[in-house]
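The values are calculated or read from the model by the stated rules, or taken from the named source; none is laboratory data. Since the model is a prediction, treat every value here as computed from it, not as a measurement. Backbone-built Cβ (ideal geometry, glycine too); neighbour counts: all protein chains shown. Calculation scope for accessible area: heavy atoms of the full protein, side chains included, ligands and nucleic acids excluded. Shrake-Rupley method; radii C 1.70, N 1.55, O 1.52, S 1.80 Å.
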There are 2 protein chains.
Amino acid sequence: MKLLVTGGAGYVGSVCAARLLEAGHEVVVLDDLSTGHADAVPAGARFVQGDIADVIGEVLAEGFDGVLHFAAKSLVGESMQDPGKYWTGNVLTAIRLLDAMKEHGTPKLVFSSTAATYGEPREVPIPETAPTHPTNTYGATKLAIDHAITSYAQAFGIAATSLRYFNVAGAYGHIGERHAVETHLIPLVLQVALGQREHIQIFGEDWPTEDGTCVRDYIHVTDLADAHLLAVETSVAGEHRIYNLGNGTGFSVKQVIDTCREVTGHPIPAVVAPRRAGDPAVLVASAERARTELGWKPERADIAGIVRDAWEFTKTRQGA
Amino acid sequence: MKLLVTGGAGYVGSVCAARLLEAGHEVVVLDDLSTGHADAVPAGARFVQGDIADVIGEVLAEGFDGVLHFAAKSLVGESMQDPGKYWTGNVLTAIRLLDAMKEHGTPKLVFSSTAATYGEPREVPIPETAPTHPTNTYGATKLAIDHAITSYAQAFGIAATSLRYFNVAGAYGHIGERHAVETHLIPLVLQVALGQREHIQIFGEDWPTEDGTCVRDYIHVTDLADAHLLAVETSVAGEHRIYNLGNGTGFSVKQVIDTCREVTGHPIPAVVAPRRAGDPAVLVASAERARTELGWKPERADIAGIVRDAWEFTKTRQGA
């Protein structure tokens with residue numbers, strides 16, 4: 001298949017682009033490099049630099065079998081301070097993409113949705129049938145796009161899949177997390193191990209969990225990439241399928257920090273700070289639907305392995 | 001207060017504009033007349049004809065205390081066939097409005113949301129805490145706007161209210177329902193009484209309800225207008241409050257038709273057709289929150305009175 005990967009110069013997008021190439025697909029990456037890195041675009045992919053809202057019609061006019069849409073603004077804190085950037089940058093852009101797919105008859109779409117569409121969970125692990133009450137603007141914009149995709153899939157026969165990620169981590173060779181503004185736990189902890197940061201902050205140790213710190217579901221970025229490959233290969237015209245992607249096992253903030261200490265051999269000082277508003281105590285996915293319907297099977301669920309891959313990438317980058 | 005009423009040439013918007021004028025507020029109506037009628041704009045309101053996406057910045061620049069945002073595409077069937085019209089026409093337009101309110105510091109917003117944001121109800125009567133799983137594009141676009149309003153209210157201190165209407169009916173003097181494409185039960189039944197339509201269709205009489213036809217909650221348009229007045233007068237900066245508006249009492253399609261027969265004296269032939277996809281059996285509001293927090297008290301909950309006002313309006317229009 002000939003596939004367009006938007007945001008393919010970012011962390012998850014570039015790993016997925018590499019995985020699609022390995023599987024024998026033709027890949028074009030579209031990215032405005034506002035947060036991505038040109039050198040993350042995998043060899044073998046054609047790279048187009050541009051803003052989706054401006055160029056998507058022109059790009060899709062050359063004919064594609066599908067789009068994997070990763071491009072997005074994705075900082076939760078920023079989304080609360082500057083919601084217009086997210087409603088315009090994420091939702092408006094997605095509407096332009098969907099309109100262009102309709103116009104050019106692009107048959108398939110895989111969208112990067114998020115666990116943040118659910119908000120505070122009423123049941124754990126979280127199934128896809130759970131209520132969607134996002135507690136931040138980032139999650140609300142992703143939910144609006146999920147709903148828009150349902151509309152377009154039904155009306156125009158698009159074969160669509162939304163994948164709702166829980167916490168993505170790990171690395172794939174030379175491709176890993178390197179955000180200008182890093183907000184994710186594992187890369188932040190590893191920055192302490194590298195001496196770039198004095199300590200790691202733990203936001204609350206009085207949560208109703210076993211050790212009092214928040215519990216999250218970590219998924220290896222290559223397992224995530226496998227799910228995208230399965231989604232684009234198995235989706236059905238006119239249907240919009242939604243799958244949670246996680247391992248179904250939660251690790252606490254303290255467990256993750258301990259794992260990082262073991263992997264890096266660094267003491268990694270931790271400082272307890274107050275809880276952050278909007279943080280749920282536990283976020284763990286039920287990925288039963290992805291296992292059953294997509295045939296997806298995460299192969300790197302081990303948290304030590306996830307941290308080890310992230311650490312190898314981080315050290316290499318640091319040395320580079 | 002100086003208030004902007006978008007969609008103020010439409011059915012609900014024009015009745016609300018009239019009610020705001022009676023309460024002593026200054027009213028400017030902005031409407032593109034794509035579905036509204038210039039002669040529905042109440043005397044005493046200044047009328048600006050234009051498209052929100054084009055002119056909202058210029059209009060709000062003159063300084064307003066608040067916006068009542070009624071302008072929208074609102075045909076459920078059309079929304080399923082042509083979703084782009086709804087995602088662009090409703091959601092993009094609302095984002096432009098919110099951006100302009102932020103830019104010009106407009107402090108208050110009241111938004112016409114809908115019971116369609118809930119979709120198939122899990123409990124009846126429906127409270128505002130119910131899950132929001134819209135089953136049609138119209139409802140999904142209104143939900144996206146509700147979420148966008150929450151974002152902007154929190155970030156920029158806007159005093160915002162979303163009112164989720166159930167079935168609005170009745171008339172207010174010379175202002176009533178006259179849609180080019182009529183999809184609402186009471187006006188359709190009254191068209192049969194006027195001889196403009198041979199019969200009324202009943203979509204399914206095998207629903208799990210007392211008489212087998214769908215049950216809906218009807219609210220008089222003047223009661224609805226009162227709720228808007230209360231909302232704009234009591235809202236609080238930085239908060240986005242959401243209220244269901246209905247009478248908490250359901251009437252079946254057959255009960256509504258029988259009431260129309262009594263009021264008009266016309267036999268009104270009815271024909272049973274298959275169920276329509278996406279129609280829930282029962283949609284009834286819990287409006288407890290509006291009663292408690294807004295101090296709202298519907299005064300025309302009687303279905304016969306609602307039909308009588310609609311009939312008086314319809315006959316007068318017909319004669320005009």
Nearest 10, in degrees from 0 to 90: the angle of helix A:253-264 to the longest Cα principal axis of chain A is 80 degrees
Helix B:303-319 sits off the longest principal axis of the Cα atoms of chain B, rounded to the nearest 10 on a 0 to 90 degree scale, by 80 degrees
With x for Gly and Pro, the residue-by-residue ³J(HN,Hα) of region A:127-139, computed from phi through the Karplus equation 6.51 cos²θ - 1.76 cosθ + 1.60 at θ = phi - 60° and given in whole Hz, is x, 5, 7, 5, x, 10, 10, x, 9, 9, 5, 3, x
Output row for A:HIS174: copy-to-copy label distances, label 7 Å along Cα→C-beta, ascending, in nanometres, one decimal, is 7.6
Residues meeting the amide H criterion for B:PHE47 (H placed from the backbone, H to H distance under 5 Å, 5 or more places apart or on another chain) are B:VAL29
Note on region B:61-154: alpha-carbon gyration tensor, axes a ≥ b ≥ c; rule is a/c under 1.5 for rounded, else prolate if a/b larger than b/c, else oblate; result oblate
Of A:ARG19, A:ARG96, A:ARG276, the most mobile residue in a GNM of chain A (C-alpha springs, cutoff 10 Å) is A:ARG276
Comparing B:GLY248, B:GLY66, B:GLY204 in a Gaussian network model of chain B (Cα, 10 Å), the one with the largest mean-square fluctuation is B:GLY204
With a 1.4 Å probe and ligands and nucleic acids left out, the total accessible area lost when B pairs with A, in Å² to the nearest 100, equals 2100 Å²
Taking R0 as 25 Å and r as the Cβ-Cβ distance between A:GLU233 and A:GLU62, the FRET efficiency 1/(1 + (r/R0)^6), rounded to the nearest 0.05, comes to 0.70
So the angle from the long Cα axis of helix A:93-104 to the longest Cα principal axis of chain A, reported in degrees to the nearest 10, equals 30 degrees
Going residue by residue through region A:196-208, the Karplus relation 6.51 cos²θ - 1.76 cosθ + 1.60 with θ = phi - 60° gives ³J(HN,Hα) values, rounded to whole Hz and with x marking Gly or Pro, of 8, 8, 6, 7, 9, 8, 10, 8, x, 10, 10, 6, x
Taking only protein heavy atoms and a 1.4 Å probe, the highest-to-lowest accessible-area order of A:ARG241, B:ARG317 is B:ARG317, A:ARG241
Heavy-atom accessible area of A:THR135, protein chains in place, probe 1.4 angstrom, given in Å² to nearest 10, is 70 Å²
Non-local residues with an amide H under 5 Å from the amide H of A:ARG241, with H modelled 1.01 Å from N and Pro and chain starts lacking one, are A:ALA160, A:THR161, A:SER162
quick note, the protein assembly as shown, DSSP beta bridge pairs, % antiparallel (nearest 5) is 10 percent
For peptide A:91-97, the mean count of other chain Cβ atoms within 10 Å per residue Cβ is 3
Cross-link reach from A:LYS315 to lysines, straight Cα distance under 28 Å and at least 8 residues apart if same chain, gives A:LYS73, A:LYS254
Counting only DSSP loop positions in region A:155-200, the GluC sites (Glu not before Pro) whose Cβ has at most 12 other Cβ atoms within 10 Å are A:GLU198
Within region B:79-133, DSSP-loop GluC sites (Glu not before Pro) with at most 16 other C-beta atoms within 10 Å are B:GLU123
Here the percent of antiparallel bridges among DSSP beta bridges lying wholly in chain A, to the nearest 5, is 5 percent
Taking a ≥ b ≥ c as the square roots of the eigenvalues of the Cα gyration tensor, with a/c under 1.5 meaning rounded and otherwise prolate when a/b exceeds b/c and oblate if not, region B:171-320 is oblate
Inter-copy distances for B:PRO127, label 7 Å out on the Cα-Cβ vector, sorted ascending, nm, one decimal, are 2.3
The rounded separation in angstrom of the Cα centers of region A:111-182 and region B:53-78 is 30 Å
In terms of the alpha carbon gyration tensor, root eigenvalues a ≥ b ≥ c, rounded if a/c is under 1.5 and otherwise prolate when a/b exceeds b/c or oblate, region B:27-112 is oblate
With every protein chain kept in place and a 1.4 Å probe, the residues A:TYR86, A:TYR165 fall, from largest accessible area down, as A:TYR165, A:TYR86
Taking a straight Cα-to-Cα line shorter than 13 Å from B:LYS297, and setting aside same-chain aspartates and glutamates fewer than 8 residues away, one finds B:ASP223, B:ASP226, B:GLU288
One decimal, nm, nearest first: from A:HIS266 to the same residue in each other copy, label points 7 Å out along Cα→Cβ, the values are 7.9
Computed, not fitted: 222 nm per-residue ellipticity of chain B from DSSP H runs ≥ 4 (each -39500 (n - 2.57)), nearest 500, equal to -11000 deg cm²/dmol
Of all DSSP beta bridges having both residues in region A:194-320, the percent classed as antiparallel (nearest 5) is 25 percent
Taking a crude spin-label model, label points 7 Å out from Cα along the C-beta direction, the B:SER34 to A:THR292 distance in nm is 4.1 nm
In nm, the gap between the two label points placed 7 Å beyond Cα toward Cβ at A:GLN49 and B:ASP206 is 6.3 nm
Amide H neighbours of B:ILE219 at under 5 Å, excluding residues fewer than 5 places away on the same chain, with H built from the backbone geometry, are B:ASN167, B:VAL168, B:ALA169
